[in-house]
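One structure is given below, encoded as structure tokens.
The values are calculated or read from the model by the stated rules, or taken from the named source; none is laboratory data. The shown structure was predicted, so the numbers you read here are calculated from the model rather than taken from an experiment. Glycine gets a Cβ as well: all are built from the backbone with ideal geometry, and neighbour counts include every protein chain shown.
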Amino acid sequence: MQAAGGRRQKAAIAFVCCALAGCGRYREFTLPVQSGGPSVQWHWIARPEPVLTRGGPGDWDSVDVLNPSVIRQGDAYYNLYSGFDGKTWHTGLAVSADGIAWHKEGKILSPDPHTWEGDYIAANGSAMADQSGILYYYQAGNPVRIGLARSANGHQWQKNGSPVLEVGPRGSWDERGVADPYVIRAGSNYYMFYLGMDRARRQRLGVAISDDGLIWYKLRCNPILELGGFGAFDENGLGEPAVWASHGYYWMLYTGRARNEVRRLGVARSRDGVRWEKLPFVFAGDQAWDSKVLCDATVLDEDSHVTVWFGGGDVPRPDDNIHGQIGIAEMR
């Protein structure tokens with residue numbers, strides 16, 4: 001009887017997942033499975049001062065500088081970051097030879113009010129390089145959706161005409177917004193980890209797959225990471241996932257929002273990129289400038305250590321006006 005009841009329960013869960021996936025593109029998939037191995041005790045070693053600061057009064061990034069997305073281009077690091085002027089979020093480019101000293105190249109993407117983007121945001125993105133140049137996935141619009149821009153050199157950009165990831169159907173976990181994309185390549189496919197928001201404004205994390213970076217299929221039974229329990233550092237929301245593979249696992253840094261809107265970074269691991277285990281590592285800012293918010297991780301795994309660029313602020317708010325700046329840390 002217990003076995004039959006278990007089968008009925010699984011069948012019911014599958015039916016609900018299929019019903020919620022009734023419109024849009026969905027698949028069942030995993031990432032290429034990692035081998036597993038001994039546990040890793042990650043240590044967070046952050047540079048005390050920020051490496052990318054806000055612009056001057058009246059500049060496009062004068063209020064907040066957040067959401068770094070760092071890639072290597074030849075001998076240089078490119079950082080596609082988000083800047084806020086008090087009204088509008090834009091994406092800018094900064095270039096560095098060492099990942100620490102950055103030169104701002106200026107604004108490269110802004111919201112287009114004559115398109116699906118509206119007039120508030122074209123930022124909070126994820127950059128990656130492929131054979132055609134640089135792909136940059138960003139969030140915009142109301143409801144928030146995920147778009148794509150392409151560039152051959154990081155300076156001139158061409159936006160895709162429509163979002164590449166839409167909100168889910170009525171009643172789904174991401175019906176009110178999809179945001180915070182983080183895209184990696186594993187095997188022959190692209191995988192996008194992203195935030196979804198439901199009608200109760202719960203923010204959790206999911207994943208989608210693509211073979212060309214343009215047409216995406218959501219995991220049929222998202223979300224893959226749930227809110228923390230009462231009193232947990234991530235009980236009020238999850239966001240801004242950053243994923244990489246090393247030591248026999250996929251690892252995820254993600255932002256957790258506490259009830260008082262203090263934000264910190266949590267760590268999860270998975271062998272297949274779909275079933276995730278939260279680990280007891282929670283990283284908090286320990287300097288005045290990032291004392292209330294540690295968020296927006298982007299990761300490069302090079303030379304046997306993981307370099308993380310992150311956003312920080314000293315005002316506990318869930319979105320902007322946090323005096324945001326960008327720092328750098330190592331995880332070992």
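Below is a table of values for the structure above.
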{"quantity": "Subset of the stretch 154-188 [within 18 Å of the chain's Cα centre (by Cα) and part of a strand (DSSP E or B)]", "calculated": "Leu165, Gly177, Val178, Ala179, Asp180, Pro181, Tyr182, Val183, Ile184, Arg185, Ala186"}
{"quantity": "Test result for Ser39, at pLDDT 95 or above and small (Gly, Ala, Ser)", "calculated": "no"}
{"quantity": "Search result, residues across the stretch 281-320 that are touching a strand residue (DSSP E or B) at 6+ places or on another chain (Cβ under 7 Å) and assigned to a loop (DSSP other than H, G, I, E, B)", "calculated": "Ala284, Gly285, Lys292, Pro316, Pro318, Asp320"}
{"quantity": "Condition met for Asn67 (at positive phi, surrounded by 15 or more Cβ atoms within 10 Å (Cβ to Cβ) and either touching a Phe, Trp or Tyr at 6+ places or on another chain (Cβ under 9 Å) or modelled with pLDDT under 95 (or both))", "calculated": "yes"}
{"quantity": "Where a residue in the stretch 208-228 is under 15 Å from Val243 (Cβ atoms) and its partner, wherever it lies, is surrounded by fewer than 21 Cβ atoms within 10 Å (Cβ to Cβ) and among the β-branched types (Val, Ile, Thr), with Cβ under 7 Å and at least six apart", "calculated": "Leu219/Val274; Ile224/Val274"}
{"quantity": "Counted residues, the stretch 124-153 - those being part of a strand (DSSP E or B) and either aromatic (Phe, Trp, Tyr) or crowded, with 17+ Cβ neighbours inside 10 Å (or both)", "calculated": "19"}
{"quantity": "Any hit, the stretch 203-224, residues being in a loop (DSSP other than H, G, I, E, B), among the charged types (D, E, K, R) and within 16 Å of the chain's Cα centre (by Cα)", "calculated": "no"}
{"quantity": "Which listed residue, of Val183, Val207, is out of contact with any Lys or Arg (no Cβ under 9 Å at 6 or more places or on another chain) and farther than 19 Å from Ala284 by Cβ", "calculated": "Val183"}
{"quantity": "From the options Glu261, Glu240, residue that is surrounded by 16 or more Cβ atoms within 10 Å (Cβ to Cβ), touching a residue at least 24 places away in the same chain (Cβ under 8 Å), on the phi > 0 side of the Ramachandran plot and in a strand (DSSP E or B)", "calculated": "Glu240"}
{"quantity": "Within the stretch 54-108, strands (runs of 3 or more DSSP E) holding 1 or more residues that are of a type in the set (Ser, Thr, Tyr)", "calculated": "76-84, 89-96"}
{"quantity": "From the options Glu166, Glu175, residue that is free of Cβ contacts under 8 Å to residues at least 40 places away in the same chain and surrounded by fewer than 20 Cβ atoms within 10 Å (Cβ to Cβ)", "calculated": "Glu175"}
{"quantity": "Lone unmet requirement of (1) outside any loop (DSSP other than H, G, I, E, B); (2) more than 30 Å from Gln158 (Cβ to Cβ) for Phe230", "calculated": "(1)"}
{"quantity": "Criterion violated by Leu238 - all others in (1) more than 22 Å from Arg275 (Cα to Cα); (2) touching a Lys or Arg at 6+ places or on another chain (Cβ under 7 Å) satisfied", "calculated": "(1)"}
{"quantity": "Residue count for the stretch 243-258, restricted to those that are buried (at least 21 other Cβ atoms within 10 Å of the Cβ) and either of a type outside the set (A, V, I, L, M, F, W, C) or out of contact with any Phe, Trp or Tyr (no Cβ under 7 Å at 6 or more places or on another chain) (or both)", "calculated": "7"}
{"quantity": "Residue among Ala200, Ala140, Ala208, Ala127 that alone is touching a Pro at 6+ places or on another chain (Cβ under 7 Å) and not charged (D, E, K, R)", "calculated": "Ala140"}
{"quantity": "Unmet criterion (only one of (1) assigned to a strand (DSSP E or B); (2) under 23 Å from Gly228 (Cβ atoms)) for Ala200", "calculated": "(1)"}
{"quantity": "Thr115 vs. criteria surrounded by fewer than 17 Cβ atoms within 10 Å (Cβ to Cβ), modelled with pLDDT of 95 or more and within 20 Å of the chain's Cα centre (by Cα)", "calculated": "no"}
{"quantity": "Test for Arg27: is it surrounded by fewer than 16 Cβ atoms within 10 Å (Cβ to Cβ), closer than 27 Å to Gly168 by Cα and modelled with pLDDT of 95 or more", "calculated": "yes"}
{"quantity": "Residue that is nearest to the chain's Cα centre (by Cα) [pool: residues in the stretch 275-332 that are surrounded by 23 or more Cβ atoms within 10 Å (Cβ to Cβ) and among the β-branched types (Val, Ile, Thr)]", "calculated": "Thr298"}
